[in-house]
Amino acid sequence: MIRILLCALFTAAIPFVVSAQTDPTKTKPTPPAGQQMGTVEQALLKLDRELIDAVVRNDRTLMDKVALDRSVFINPAGGIQEKGDTTGPKIESIQTEDVQARVYGDTAIVIGRANVKGGFEGGRDVSGAYRYMRVLVKQEGQWRVAAMQITPIAPSTPSTSPTPKP
């Protein structure tokens with residue numbers, strides 16, 4: 001009787017053991033069915049573009065509207081700025097690429113690459129390539145900016161190979 005019970009338990013446990021050993025890199029989670037995720041992501045990308053365009057116009061209205069009261073911005077120098085801090089460079093243009101939105105329930109992350117042209121009033125140039133990230137949370141049906149971060153992308157240096165001697 002004990003052998004039959006052990007055999008039944010072992011047989012029932014096999015599917016769990018096998019599924020636990022599945023290589024997670026070979027299986028990809030499937031997104032929820034329907035168009036909702038695509039619509040949310042599109043709305044986030046549109047908001048991101050509107051925020052970038054407002055920066056170029058030097059218009060803080062949209063950011064003041066969508067940023068949480070305790071939102072934080074980590075600037076390219078590693079400094080921390082909070083909502084309402086108006087210090088910063090004058091931006092002439094921002095061209096973005098590889099912008100993606102990732103949604104996790106009521107939290108979303110927008111990441112991308114930005115080529116910026118601009119500088120501070122004193123003449124310090126901030127033009128260059130950057131990676132950026134925005135963290136947004138959904139409150140009362142609206143996406144709000146909780147945090148932003150911008151990191152300069154260091155220019156790649158050509159590899160120097162030794163010059164052959166004759």
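The values are calculated or read from the model by the stated rules, or taken from the named source; none is laboratory data. Just so it is clear, the structure is predicted and the values come from calculations on it, not from any experiment. Glycine also receives a Cβ, built like all others from the backbone with ideal geometry; neighbour counts cover every protein chain displayed.
A few remarks follow.
- Where strands (runs of 3 or more DSSP E) fall wholly inside region 49-166, the ranges with 2 or more residues that are without any contact (Cβ under 8 Å) to a residue 60 or more places away in the chain, surrounded by 14 or more Cβ atoms within 10 Å (Cβ to Cβ) and within 17 Å of the chain's Cα centre (by Cα) are 90-104, 107-119, 128-139.
- Flag for Val103 being in contact with a Leu (Cβ under 8 Å, 6 or more places away or on another chain), over 17 Å from Ile52 (Cα atoms) and either among the hydrophobic types (A, V, I, L, M, F, W, C) or modelled with pLDDT under 95 (or both): yes
Here is a yes/no grid of residues against (1) of a type outside the set (Asp, Glu); (2) over 16 Å from Val55 (Cα atoms); (3) modelled with pLDDT under 95:
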{"position": "Asn75", "(1), (2), (3)": "yes, no, yes"}
{"position": "Gly78", "(1), (2), (3)": "yes, yes, yes"}
{"position": "Ile94", "(1), (2), (3)": "yes, no, no"}
{"position": "Val99", "(1), (2), (3)": "yes, yes, no"}
{"position": "Ala108", "(1), (2), (3)": "yes, yes, no"}
{"position": "Gln139", "(1), (2), (3)": "yes, yes, no"}
